Every structure is written in structure tokens, then in C-alpha cells.
Amino acid sequence: MTDIATTEEDIKEQSVEYDHEEHELEATGESRQFLTFMMDDEEYGVDILSVQEIRGWEPATVLPNAPDYVKGVINLRGTIVPVVDLRQRFGLDSMEYGAITVVVVVKVSLENNDEKIIGLVVDAISDVYTVKAENMRPAPDITEHANAEFIENLMNVEKNMVVLLNLPRLMEFSQSSAVQATS
Amino acid sequence: MSIDLSQFFEVFFEESFEGLDIMEAELLALTPGTHDLETINTIFRAAHSIKGGSGTFGFTVVSNFTHVLETLLDQIRDGRRALEQQHIDLLLLSVDCLRDLLSALKAEEVPDEAVANKLKADFESILADGVCGEYAANESEDKPSSTQSSGWAIKFFPFPYLFKTGNEPLYMLHELEALGKLTITADLSHIPEFSKLVPDECHVGWDIELHGNIEKEQIEEIFEWVLDDCDFSLNPIGEVTPSAEVEDTKEESEPSIEPPAQVSEEKKETKPTPTQAAKAPSAVKKGETNSIRVAIDKVDSLINMVGELVITQAMLCQLAEREFDENNVNMLQEGLAQLSHNTRDLQESVMRIRMLPISFVFSRFPRLVRDISQKLNKKVELKLIGEQTELDKTVMEKLSDPMVHLVRNSLDHGLESPEARVAAGKDETGSVTLNAFHQGGNIVIEIIDDGAGLNSEKIRAKAIENHIISENEELSESEVHDLIFRPGFSTADEVSDISGRGVGMDVVRRNIQELNGSIEVNSVAGEGSTFRIRLPLTLAILDGQLVRVADHTYIIPLISIIESLQVDIEKVNNVGGSVEVLRLRDEYIPILRLYQLFKHENAITELEHGLLVVVETDNEKVGLLVDDLLAQQQVVIKSLENNYQRIEGISGATILGDGRVSLIVDIAGLIKLAGLKKPGKQGLSIDSLIQEMA
């Protein structure tokens with residue numbers, strides 16, 4: 001197994017070390033922690049509490065007639081978890097999967113109190129940030145843009161901008177296209 | 001020292017609800033004017049144990065209410081009162097009321113006594129009239145429970161063993177004292193001579209006069225625990241005590257007017273009566289626990305199975321200790337075969353524990369049908385067939401609501417009024433049949449009525465009105481019938497409180513689909529309708545055939561596979577230019593290419609090189625083209641919908657031995673996916689084409 005599975009605790013430890021170095025970002029009352037990852041030279045973040053684990057890419061069982069960004073389902077200790085390629089989801093050029101391709105497994109609470117687990121294929125894990133609430137900005141009004149719905153917030157970390165993902169929206173899969181009568 | 005009674009609540013509620021079910025069933029079996037002693041006795045016993053239990057646990061609302069109910073039953077049982085329809089109705093209502101009270105108590109809410117009080121008043125008014133005087137005077141129980149008197153004469157003569165039951169008469173006397181002014185006369189006539197006196201036996205009795213405006217129940221409550229262990233009588237002061245037995249003691253007791261004897265004084269330190277514990281229902285909150293009653297033979301077989309498993313395990317362990325050579329390999333294989341055999345048996349036994357007879361659902365219908373038919377002024381006969389058919393408890397729980405809905409619909413919309421039936425040349429009494437049976441790996445439940453059937457014209461008109469279909473849409477009869485399962489559809493001329501709120505059949509279908517089941521309707525105008533529900537027996541495990549399509553592994557439920565064969569290309573025809581059919585013996589079987597439906601590349605596309613798995617669902621056969629057959633194995637069904645969504649043609653997923661995920665094929669879904677079947681239509685859409693060809 002080439003898994004580089006990391007537990008939540010590990011990530012948190014990392015973040016503690018990080019806080020030591022970056023005094024300006026030190027955690028105070030109104031701050032949250034985010035795990036960020038890279039895609040196409042952009043940095044995206046998700047709430048660290050929603051991250052279940054990070055694992056290496058392994059072939060998934062293909063789901064018939066699923067949208068092409070759904071790579072299939074994997075067995076996560078007995079639970080069937082769908083894996084979504086975030087590049088394809090956002091309409092970016094897809095990349096070859098290799099030994100360093102990473103799957104971020106997140107658990108998302110939906111509005112109806114349901115919880116769903118999903119794996120996100122990303123280019124690479126970037127960092128863990130602790131960010132104060134005032135450093136978060138609402139997404140700019142780009143509603144006509146196709147991917148705007150996936151953006152929850154923007155946040156500034158030093159000079160970089162990180163896009164916080166709206167995970168519940170990522171959970172909405174388009175209905176599989178029904179096959180018409182076989183020819 | 002008080003006993004925490006709350007730990008017994010669960011059992012009490014369970015038993016009480018069971019008792020109520022029994023009462024209800026038996027009440028429905030009663031016919032006014034008859035005197036079926038056995039049935040009445042059964043009802044009486046059920047009521048009595050509820051009364052006893054609720055008294056013990058301090059649920060006085062319930063016990064008081066059950067008491068009046070019991071009084072009426074008692075009179076009927078003794079033949080002092082003829083059974084009337086009115087009584088049955090009232091008793092049924094009170095069963096409902098008790099159920100509500102108990103549910104409220106179970107949920108630790110304050111029960112609403114309004115209904116209970118009203119019913120109690122009804123009972124009392126029945127009890128108040130019509131009873132022959134001599135009986136009324138004779139048994140105190142016959143009197144309305146709220147009887148009050150200026151005072152009571154109580155005779156209390158415990159049996160000698162009373163102390164051994166942990167009861168202390170003195171406490172009772174103290175409690176009585178708290179109610180009002182008390183005059184106690186001890187009856188020492190039964191005390192043996194000193195040499196024969198056993199210190200822990202009670203030989204003292206008491207004549208008690210209690211003055212004041214006191215309710216009878218209050219007194220009875222005090223003596224509730226000892227009623228079986230003493231001679232006890234309770235009479236309003238001034239009345240003659242009729243019981244011969246009591247009169248005897250009275251005569252004997254008159255001469256002695258002394259304080260309570262030494263014997264009872266000595267016993268003062270005995271532990272408090274449990275009555276006190278009962279009076280303070282524990283406030284401990286506890287979560288709703290679901291329990292299941294299992295027949296003992298099922299548990300026994302489980303234990304046997306575990307025994308075998310242990311033996312196999314021991315055998316394998318022994319094998320592992322030896323030097324490894326070729327002989328051992330054989331033994332190892334044997335051992336493993338046995339182990340898998342054991343595991344499978346064990347699994348079956350465990351599953352059986354969850355299986356309950358469907359009568360748990362069916363049993364509520366006699367009542368429902370009775371109530372509704374009365375309300376609608378229709379005459380209905382309900383037939384139950386296959387009540388012992390077993391199915392999974394979880395399936396059963398979710399099945400109940402849809403079935404209630406369907407039965408209500410049958411009564412309300414399906415069956416005609418008696419006049420209309422006679423005019424149509426039918427028997428005045430309509431019939432509704434609930435039929436359950438196993439078919440393959442499914443349980444099938446039919447709800448059949450011999451009413452008017454579905455009115456296609458009306459359904460069509462309504463569907464057009466509600467914009468479900470367009471005006472010029474061509475629909476077959478069964479397609480029209482299927483429209484009733486569409487959301488927002490209701491054909492009732494008038495909205496009644498029984499059915500016809502416009503939410504309904506679509507919810508029914510959705511509920512059943514959530515259980516991986518299906519529902520369909522067959523209806524012949526003027527002759528009636530049949531709703532057929534098909535459900536998997538269990539939601540957890542199935543026997544699967546693993547098949548390969550390209551480099552993907554799928555699982556086909558073994559139960560639906562009829563045969564697997566290599567295709568003789570000469571027997572394949574193209575029907576209507578679109579669907580391939582294989583002539584297999586006398587049947588024509590449409591071929592579905594799995595790789596095509598699932599859009600997989602690199603699969604075998606030539607029919608003669610692949611394998612055809614012939615499967616059947618809903619009496620329709622299709623052949624699935626796969627690359628290869630792999631192993632057969634039992635698979636645990638995992639939901640795809642938990643984290644993803646429904647996929648057409650796939651019923652779920654499972655995890656194979658090597659940890660990979662494999663998908664389970666849903667045959668009915670595949671047929672739909674292939675466009676071979678129109679919703680609600682009987683048979684495949686190519687059937688007519690095939691018939692032409694044949």
C-alpha cells in the first residue's frame with residue numbers, strides 16, 4: 001500500500017508547529033484551522049475538522065454512467081466512499097495520476113443533518129493555516145462564473161489568497177445520464 | 001431500601017402493549033349477543049395484567065381506568081350482562097385510550113386524562129344501569145369506582161404467611177390512619193397457644209372502621225399488595241356484609257377489643273412495603289431501546305451453531321500445531337470448508353432472529369377495517385392469508401404505513417356502497433384480502449379488493465387536469481393506472497378524513513422503493529383492484545454471482561439467475577431492428593449487453609465469445625451479456641446512497657475478499673435503463689414484437 005494516510009491528530013500537531021513559526025497567525029478566539037492543497041498553482045482550503053484522512057491515490061471501482069469527474073468508489077474501512085477529481089469538477093485540465101496524487105477524504109454535514117463522506121483528488125497537500133475570522137472575505141460577486149457556487153470564502157494568508165471550498169455544494173452530483181434504448 | 005422499579009418499565013410497557021393487541025384482536029372476534037366465555041376470559045386476563053402491572057408501577061391513571069373496564073368485563077363474563085355492540089365499541093375505544101396513556105407514560109410525558117375520564121364516565125353510566133340489584137349489592141367491584149361513602153368497614157385478616165411476603169400490616173394501618181378517623185378492633189381468636197406460636201406467622205386480624213369521605217380506591221390501593229394473602233372485605237358502613245366467610249370472622253372477632261397483639265409489634269422492623277417504592281416512579285431518563293422477541297428454538301439453533309463453530313476452530317488450531325506436510329493440506333481444506341459451512345449456517349440463524357411473521361403488521365388491520373367500514377357505512381369482510389410469512393423486522397416496520405394507506409384506499413375508493421354493489425350484481429359485503437407469500441428472495445404482499453376497480457377515464461381526466469400528462473398523450477390501460485403513483489394525484493370526489501388528501505400513492509411508492517421494493521397495480525373495472533408489493537426479505541446479505549465485464553467485476557443476485565449459457569448466434573434475432581433476442585427453447589429472451597448499458601470499453605462485444613446470464617425479475621426474463629463468470633459468494637450489501645446517490649441499474653455495493661468494491665446489479669433497473677420497459681406497463685415493451693415474430 002502506498003497510502004500516506006495521516007490522521008487528524010497528526011495534522012493538528014503539524015499546525016501547532018506552524019503556529020510557532022508564524023506569530024502573526026497565532027490562534028486566538030475567533031479563528032479556524034484549514035487544510036489547504038494545490039491545484040493548478042492555486043491554493044484551496046477546507047475546514048480541518050471535516051478532514052477524515054489523507055491517502056494516496058489507488059484505483060477506484062468505476063461507477064457506470066456517472067459524471068466523468070466521479071472517479072469511482074473506494075473502500076474506506078468498510079464504507080463505500082465516492083472519489084471526485086477536483087480538477088475535472090472545476091473544469092481544469094485533468095492530470096495523470098501518479099504515486100504522489102493525493103486523495104483528501106472529507107466528511108461533510110449537509111443541511112438535512114445528513115453526513116456524507118467523499119474523497120477529493122488534488123494535486124498536492126499544501127499546508128495547515130490558522131486564520132482569524134477577520135481575515136476571511138466573502139467571495140466576490142462572480143455568480144455568472146461556473147465554479148462560483150463552490151466558493152465559500154476567500155482568505156488572505158500573507159500574500160497568498162486561499163479559496164475556501166463550499167463542501168456541501170461539492171456533494172451535489174449531477175444525475176447520471178440515462179442511457180436510451182440500446183441500438 | 002427501595003427497589004428501583006424503573007428497570008422493569010420496559011418489560012411492563014412491552015407486555016402491556018402486547019396485552020392491548022390481544023384485547024383488540026379478541027374484541028374484534030366477539031359478536032354481540034353471544035357469550036363466548038373463552039374470548040371474554042382472554043380479554044379479561046389481558047386487562048387484568050395491565051391493571052396489576054400499572055398499579056405496581058404507580059401508574060394510577062392506567063390502573064384506575066382499567067379497573068372500570070375490568071368491572072364491565074367481569075359482569076359480562078359472569079353472564080350478568082348481555083354483550084352489546086355498544087360494549088364492544090366502548091372497549092375498543094378504551095384499548096386505544098390505554099395505548100395512548102401507556103405511550104405517554106413510556107415517553108415520560110404527562111398522560112392526557114381527558115379521554116380516559118370521558119370513557120370512564122361512559123363505562124360508569126353503563127355500569128350504573130341494568131345490573132340486577134342483588135348482584136350490585138353483593139360485589140363491591142360492581143359499583144362505580146368513584147363511589148364515596150361516609151365511612152368504610154374494612155375486614156382485614158392476613159393469612160399466617162403474610163410476613164414472609166415482606167408485607168407489614170402495621171404500615172397499612174398507619175396509612176389508613178392518614179386517610180381519616182380510624183377505629184380498629186383486633187381479632188385475636190386465631191392466635192394459637194403459646195407453645196405452638198411461631199413468631200414469624202401472623203394470626204391477628206382486624207376489623208377497621210374508617211370514618212370520613214374517602215374514595216374506595218384510596219383504601220384499595222393500600223391493600224393492593226396483600227389482597228391475595230388475606231381475607232379482605234370492604235363495605236360502606238351501614239351495609240350488611242354479605243360474604244359468609246367474612247361474617248364468620250366477624251362473629252368470632254366481636255368479643256376481643258384489644259390493641260394489636262404482641263406478634264405484630266415484634267415485626268415492626270420488617271422492611272418497608274414495596275408500595276412506597278411504587279409510589280415514586282423513578283425519574284431516571286432512559287433512551288428508547290428497541291427490543292425484539294425471539295422464539296426460543298431460534299436461539300437454540302444459534303447456540304448449536306456456535307458449538308459447531310468452536311469445534312471446527314479447535315480442529316483448525318490443532319492442525320496448525322503439527323508439522324506441515326501434504327496430508328495436512330487436505331485436512332486444512334476440509335477444515336476450512338467446514339468453517340465456511342458453519343459461518344453460513346450461523347449467519348442464516350442470526351438473520352432468522354430478525355425475521356418476524358408478517359402478522360405483526362396484519363394484526364392491526366381487522367380493527368382498522370372495522371372502524372373505517374363503520375364510518376363509511378360499507379360492509380366489508382377482511383381476509384388475511386399467509387400471516388406466518390416471515391420478513392425482516394426493519395422491513396416490517398417501514399411497511400406498515402404504506403399498507404395502512406393502501407387498505408384505507410381500498411375501503412374508501414375501491415369498495416362501493418352496499419346499494420351500489422347490489423345494483424352491480426355483487427354481494428352486498430365487499431371483500432378485502434391481504435395476502436403474503438414468499439417468491440424467490442422476495443416477499444410479495446397483495447392487497448386485493450373486489451370493488452369497482454380503477455376508473456381509467458377519471459384518472460386520465462384528473463391527470464390532464466393536474467398537468468401530469470398532456471391531453472393527447474397515448475397511454476395504455478396499465479400506464480393510466482400507474483398514474484395514481486404520481487405526486488399530487490388524488491381521485492376522490494370528496495376529500496375525506498380517511499383518504500384523498502392528494503398525498504398518498506406517490507409516498508407509498510417512494511416508501512416501498514426505499515426498501516428496494518416495487519409496487520404495481522392491476523385493476524379491472526367493475527371487478528376490483530390488486531396492489532402488489534414486492535420486497536426483499538432482508539436488506540443486509542445476498543448470494544451473489546460475480547461476473548466480469550471488461551476489467552470490472554459486478555455481482556448478480558444469485559436468486560434471480562436462471563441459467564448461464566454460451567450464445568448460439570444462429571438463434572439470435574433482431575426484433576424491431578433494435579433489440580436482440582435469443583430463442584431459448586420456447587421463449588424469446590432479450591439480450592442486454594452490460595458493457596453497453598454501463599459504458600465500459602474493452603469488453604467482449606461478440607455474442608458468441610461472451611457468456612449470457614439469463615435472469616428473471618417480475619416474471620420477465622432477460623439475458624445479460626458478460627465477459628466471464630467468476631466465483632459465487634455471499635456479499636454484504638452496502639449502500640451507495642449513504643455517500644453518493646442512486647445509480648440506475650445498480651442496487652448497491654459490496655466489498656470483496658481483496659478489499660475492492662464491487663457493484664451489485666439491479667435487474668429491474670437494468671431493464672428500465674435499457675428502455676425495455678415503460679413505467680407501470682406489464683411485460684416488456686418488445687413483447688408484442690416478439691409475439692408477432694412467433
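The values are calculated or read from the model by the stated rules, or taken from the named source; none is laboratory data. All of these numbers come straight from a predicted model, not from anything done at the bench. Note that we place each Cβ from the backbone using ideal geometry, even for glycine, and neighbour counts take in every protein chain shown. Note: accessible area is taken over every heavy atom of the protein model, side chains too, but ligands, DNA and RNA are not part of it. Shrake-Rupley method; radii C 1.70, N 1.55, O 1.52, S 1.80 Å.
A few notes on this one:
- Exactly one residue among B:Glu224, B:Glu209 is in a strand (DSSP E or B), among the charged types (D, E, K, R) and open to solvent by 70 Å² or more (accessible area, probe 1.4 Å), and that residue is B:Glu209.
- In this structure, B:Ser340 does satisfy being without any contact (Cβ under 8 Å) to a residue 12 or more places away in the chain, within 30 Å of B:Glu616 (Cβ to Cβ) and of a type in the set (Gly, Ala, Ser).
- Taking every residue in the range B:299-316 that is of a type in the set (Val, Ile, Thr) and pairing it with any residue that is open to solvent by less than 70 Å² (accessible area, probe 1.4 Å) and assigned to a helix (DSSP H, G or I), at least 6 positions away or on another chain, the pairs with Cβ-Cβ distances below 6 Å are B:Thr312/B:Leu339; B:Thr312/B:Asn342.
- Filter result for the condition that a residue is touching a residue at least 12 places away in the same chain (Cβ under 8 Å) and in contact with a Pro (Cβ under 9 Å, 6 or more places away or on another chain), over B:Asp392, B:Asp412, B:Asp401: B:Asp392
- Output for the range B:618-644, where each listed residue is open to solvent by 30 Å² or more (accessible area, probe 1.4 Å) and polar (S, T, N, Q): B:Asn619, B:Gln632, B:Gln633, B:Gln634, B:Ser639, B:Asn642
- Residues of the range B:629-645 classified as at the interface with another protein chain (Cβ under 10 Å from one of its Cβ atoms) and either β-branched (Val, Ile, Thr) or in contact with a helix residue (DSSP H, G or I) (Cβ under 9 Å, 6 or more places away or on another chain) (or both), total: 1
- Only listed residue being among the aliphatic types (A, V, I, L, M) and at pLDDT 85 or above, chosen from B:Val636, B:Val575, B:Val579, B:Val549: B:Val549
- Residues of the range A:108-158 classified as open to solvent by less than 10 Å² (accessible area, probe 1.4 Å), over 20 Å from A:Pro82 (Cβ atoms) and either within 15 Å of the chain's Cα centre (by Cα) or at pLDDT 85 or above (or both), total: 2
- Scanning the range A:80-91 for residues that are out of contact with any helix residue (DSSP H, G or I) (no Cβ under 8 Å at 6 or more places or on another chain), away from every other protein chain (no Cβ under 14 Å) and either open to solvent by 70 Å² or more (accessible area, probe 1.4 Å) or not in a helix (DSSP H, G or I) (or both) turns up A:Asp85, A:Gly91.
- One residue stands out among those in the range B:655-668 that are more than 10 Å from chain A (Cβ to nearest Cβ) and modelled with pLDDT of 85 or more: the one that is nearest to B:Arg548 (Cα to Cα), which is B:Ile664.
- For the range B:540-573, a residue qualifies if it is open to solvent by 60 Å² or more (accessible area, probe 1.4 Å) and free of Cβ contacts under 8 Å to residues at least 60 places away in the same chain, and the qualifying residues are B:Asp551, B:Ile562, B:Gln566, B:Asp568, B:Ile569, B:Glu570, B:Lys571.
- Of all residues in the range A:56-73, those satisfying the criterion of being open to solvent by 20 Å² or more (accessible area, probe 1.4 Å) and more than 11 Å from every other protein chain (Cβ to nearest Cβ) are A:Trp57, A:Tyr69, A:Lys71.
- Filter result for B:Leu611 (crowded, with 19+ Cβ neighbours inside 10 Å, touching a residue at least 24 places away in the same chain (Cβ under 8 Å), of a type in the set (A, V, I, L, M, F, W, C) and within 11 Å of chain A (Cβ to nearest Cβ)): no
- Contact annotation: residue pairs with Cβ atoms under 6 Å, 6 or more positions apart or on different chains, pairing a residue in the range A:115-134 that is farther than 13 Å from A:Glu158 by Cα with a partner that is open to solvent by 40 Å² or more (accessible area, probe 1.4 Å) and not aromatic (Phe, Trp, Tyr), are A:Glu115/A:Lys107; A:Glu115/A:Ser109; A:Ile117/A:Lys107; A:Asp123/A:Met38; A:Ala124/A:Met38; A:Ser126/A:Met38; A:Val128/A:Gln14; A:Ala133/A:Glu30.
- In the range B:68-123, of all residues being in a loop (DSSP other than H, G, I, E, B) and of a type in the set (A, V, I, L, M), the one that is nearest to B:Leu368 (Cα to Cα) corresponds to B:Leu83.
- Residues of the range B:646-656 that turn out to be open to solvent by 30 Å² or more (accessible area, probe 1.4 Å) and either in a loop (DSSP other than H, G, I, E, B) or assigned by TED's automatic domain parsing to the domain that holds B:Thr343 (or both), as a count: 2
- Test result for B:Ser417, among the hydroxyl-bearing types (Ser, Thr, Tyr), open to solvent by 30 Å² or more (accessible area, probe 1.4 Å) and within 32 Å of the chain's Cα centre (by Cα): yes
- For beta carbons closer than 9 Å, sequence separation of 6+ or different chains, a first residue in the range B:72-86 that is open to solvent by less than 20 Å² (accessible area, probe 1.4 Å) and a second that is among the basic types (Lys, Arg) and in a loop (DSSP other than H, G, I, E, B), the qualifying pairs are B:Leu72/B:Arg81; B:Asp74/B:Arg80; B:Gln75/B:Arg81.
- Strands (runs of 3 or more DSSP E) fully within the range B:292-405 that include at least 2 residues being open to solvent by less than 40 Å² (accessible area, probe 1.4 Å): B:355-357, B:390-392.
- B:Lys599 being in contact (Cβ under 8 Å) with a residue 24 or more places away in the chain, open to solvent by 50 Å² or more (accessible area, probe 1.4 Å) and within 22 Å of B:Lys672 (Cα to Cα): no
- Selection count where residues are touching a residue at least 24 places away in the same chain (Cβ under 8 Å), part of a helix (DSSP H, G or I) and either surrounded by fewer than 18 Cβ atoms within 10 Å (Cβ to Cβ) or not assigned by TED's automatic domain parsing to the domain that holds B:Phe223 (or both), scope the range B:174-202: 2
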